[in-house]
Amino acid sequence: MKTRFSIFLNLVFCLLAFSCSERHTKDQSIIIHWNGNHAISLDIPRSWLPGTSNDSIREWLQVSLENSNTRILGDYQVSENIIAFRPLVHFTPGLKYRVVYAGKLLEEIKIPEVKGSPLPEIISIFPTTDTIPENLLKIHIEFSKPMQEGQAMDHIVVIKDKKDTVPVFLDLELWNTNRTILTVWLDPGRIKRDLQPNKKSGPPLQSGSHYLLQVKNDWRDAEGVSLPYSYQKEFVTGSRDSLSPDPAQWRMDIPVSGTRVPLKIFLGEALDYVLLKNTARFLDTKGNSIDGATSIENKESVLLFTPLQNWHAGDYTIEIESRLEDLAGNNLNRLFDRDLAKKDSVKQANIYRRRFQVQ
């Protein structure tokens with residue numbers, strides 16, 4: 001009888017201890033650490049996982065998005081009282097995250113939205129021209145603020161002839177370093193005519209059709225703030241572009257010496273906006289790079305260069321990297337959709353040069 005009573009007391013003690021432990025756990029909470037408007041780390045109470053080793057915590061503790069079982073990559077630092085988790089990419093305000101250990105939910109936490117933060121906006125959608133080639137390869141979207149990644153395919157819609165939503169994009173997105181310029185590709189396998197996706201489904205866009213590109217307003221920026229409204233761009237498709245850009249055919253308005261009037265280059269067609277900004281260099285009479293600013297006008301068909309200092313009389317050179325492309329992905333060396341059997345159709349130059357003289 002005494003043995004049974006002793007066991008009963010031990011059970012009561014364990015239940016009381018567990019209850020106290022539970023109350024102690026609930027009295028603690030996850031602490032969010034901020035750097036400006038960025039949620040950069042979480043402090044998780046070490047007491048939530050009593051008796052677990054540091055190695056077990058690093059292996060089995062997981063932070064993930066609310067509706068995902070995919071672990072967010074980051075670094076765990078375990079101390080006597082705190083488990084500090086710093087993700088590789090900042091947490092997104094407005095989203096919920098789950099803290100799980102060995103499959104058991106410990107806590108769900110929402111990162112607060114940043115109050116007073118300016119609304120994100122779409123600055124431009126490239127190409128800006130209203131008529132694009134049937135074999136358009138890429139679209140660039142420029143935002144005013146860094147945006148959340150991995151959201152493009154959920155927020156960009158293409159509607160054909162005001163009727164049907166059509167799948168045209170490859171499920172891939174590329175961002176610049178600041179996450180302010182997004183590049184999405186139309187499916188290359190459907191653009192290249194010798195490939196099975198093209199033979200099965202045809203090109204993503206059809207010549208003579210009207211399209212509406214819509215960016216939904218529930219897309220959030222890196223601070224959890226949504227776009228204020230949906231953005232739309234209309235365009236029609238023309239015929240295929242099967243010619244590479246040719247710098248030798250570009251026309252130039254050349255400034256005179258003693259001025260900072262920009263050099264104006266007429267490209268003859270719209271070229272890829274992002275590449276156009278990054279593939280041209282301007283050299284002085286001694287072959288040194290000229291400090292200055294480039295700008296793009298007239299629906300990406302005109303490139304301007306304004307030097308920081310006045311032009312001097314003499315010979316100058318424009319160097320253009322061969323990776324510069326037109327809207328169909330044709331670069332200076334080769335066509336994007338080309339006959340691979342014709343080796344002579346591919347050039348090997350890395351740099352193309354145009355010279356001009358300032359008087």
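The values are calculated or read from the model by the stated rules, or taken from the named source; none is laboratory data. Everything numeric here is computed off the predicted structure, so don't read it as measured data. Counting neighbours? That spans all protein chains shown, and the Cβs are built from the backbone with ideal geometry, glycine included. All accessible areas refer to the heavy atoms of the entire protein, side chains included, with ligands and DNA or RNA removed. Shrake-Rupley method; radii C 1.70, N 1.55, O 1.52, S 1.80 Å.
Yes/no per residue for (1) at pLDDT below 95; (2) open to solvent by less than 20 Å² (accessible area, probe 1.4 Å); (3) part of a loop (DSSP other than H, G, I, E, B):
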site: LYS200; (1), (2), (3): yes, no, no
site: PRO203; (1), (2), (3): yes, no, yes
site: LEU212; (1), (2), (3): no, no, no
site: ASN217; (1), (2), (3): yes, no, yes
site: TYR229; (1), (2), (3): yes, no, yes
site: VAL236; (1), (2), (3): no, no, no
site: ALA248; (1), (2), (3): no, no, no
site: PRO255; (1), (2), (3): no, yes, yes
site: GLY268; (1), (2), (3): no, no, yes
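Considering LYS199, LYS145, the condition of being closer than 23 Å to THR237 by Cα and among the basic types (Lys, Arg) is satisfied by LYS199 alone. Condition test on PRO228, is it touching a Leu at 6+ places or on another chain (Cβ under 9 Å) and over 28 Å from LEU332 (Cβ atoms)? Answer is yes for this residue.
Restricted to the range 106-142, and to residues that are at pLDDT below 95 and in contact with a Lys or Arg (Cβ under 6 Å, 6 or more places away or on another chain), which residue is most open to solvent (accessible area, probe 1.4 Å)? For the range 106-142, the residue satisfying everything is LYS110. Among the residues of the range 349-357, none qualifies, meaning not one is within 20 Å of ARG240 (Cα to Cα), more than 25 Å from the chain's Cα centre (by Cα) and modelled with pLDDT of 95 or more. Taking the range 294-359 and the strands (runs of 3 or more DSSP E) fully enclosed by it, the elements with 1 or more residues that are open to solvent by 60 Å² or more (accessible area, probe 1.4 Å) are at 314-321, 351-358. In the range 167-189, the qualifying residues are those that are among the charged types (D, E, K, R) and either touching a strand residue (DSSP E or B) at 6+ places or on another chain (Cβ under 6 Å) or modelled with pLDDT of 95 or more (or both), and the one that is nearest to THR92 (Cα to Cα) is ARG179.
Residues satisfying the criterion are absent from the range 162-171 (criterion: in a loop (DSSP other than H, G, I, E, B), more than 24 Å from LEU332 (Cβ to Cβ), touching a Pro at 6+ places or on another chain (Cβ under 7 Å) and open to solvent by 30 Å² or more (accessible area, probe 1.4 Å)).
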